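The values are calculated or read from the model by the stated rules, or taken from the named source; none is laboratory data. In this text, all values refer to a predicted model and were calculated from it rather than measured experimentally. Every residue, glycine as well, gets a Cβ built from its backbone with ideal geometry; the counts of neighbours run over all protein chains shown.
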Amino acid sequence: MDSTRTDFIMKSIGNLPVEKSKLRKEFGLRNTLLVGGSGTAKTSIIIMYSRQFNAAEMSFKRINFSSATEPINFQEAIESEVERKQARIYVPIGNKNLTVFIDDMSMPFINAWGDQITLEITRQLVD
């Protein structure tokens, strides 16, 4: 029952319009954070959801974080799925949409200041 409920919510978020306001030319992002305890099938639900994508229109990238994941690892994983369109504009390969699934987001090493620098580059990408 929980899997079906989560799948419905993710589909609802995925179907939100990309353009939030035509007047202000605001574009919305469809970011979703799925949380839950260990062993609650979060990864399985995401994998099931991603199987519904049309491969001709959507690319799917799964990135597993661990305590050894460095920002450069994350950057390289993203760069392998995009191509440079202009000087500072990158798009998914083949003019597809790209969905990125980050598994075990809380795993990267916490430094002496209490930061997780791998999550900082992740935040910058989302912004």
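If I go through the stretch 81-126 residue by residue, how many of them are on the phi > 0 side of the Ramachandran plot and of a type in the set (K, R)?
Residues in the stretch 81-126 being on the phi > 0 side of the Ramachandran plot and of a type in the set (K, R): 0 in total.
Name the residues in the stretch 60-89 that are surrounded by 14 or more Cβ atoms within 10 Å (Cβ to Cβ) and hydroxyl-bearing (S, T, Y), would you?
Of everything in the stretch 60-89, just one residue is surrounded by 14 or more Cβ atoms within 10 Å (Cβ to Cβ) and hydroxyl-bearing (S, T, Y), namely T69.
Can you name the number of the only condition in (1) surrounded by 14 or more Cβ atoms within 10 Å (Cβ to Cβ); (2) over 27 Å from Q116 (Cα atoms); (3) among the acidic types (D, E); (4) modelled with pLDDT of 85 or more that E57 fails?
Tallying (1) surrounded by 14 or more Cβ atoms within 10 Å (Cβ to Cβ); (2) over 27 Å from Q116 (Cα atoms); (3) among the acidic types (D, E); (4) modelled with pLDDT of 85 or more, E57 fails exactly one: (1).
Report yes if R5 is among the basic types (K, R) and either in a loop (DSSP other than H, G, I, E, B) or within 23 Å of T122 (Cβ to Cβ) (or both), otherwise no.
no
This table checks each residue for (1) closer than 24 Å to T122 by Cβ; (2) at pLDDT below 80; (3) within 19 Å of the chain's Cα centre (by Cα).
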| site | (1), (2), (3) |
| --- | --- |
| F27 | yes, yes, yes |
| V35 | yes, no, yes |
| S38 | yes, no, no |
| K42 | yes, no, yes |
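Since S3 meets every condition but one in (1) modelled with pLDDT of 80 or more; (2) outside the structural domain of R123 (by TED's automatic domain parsing), which condition does it not meet?
Condition (1) is where S3 drops out.
Per-residue answers, yes or no, for (1) among the hydrophobic types (A, V, I, L, M, F, W, C); (2) over 25 Å from R51 (Cα atoms); (3) within 12 Å of the chain's Cα centre (by Cα):
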residue: N64; (1), (2), (3): no, no, yes
residue: I72; (1), (2), (3): yes, yes, no
residue: A87; (1), (2), (3): yes, yes, no
residue: K96; (1), (2), (3): no, no, no
residue: Q116; (1), (2), (3): no, yes, no
residue: E120; (1), (2), (3): no, yes, no
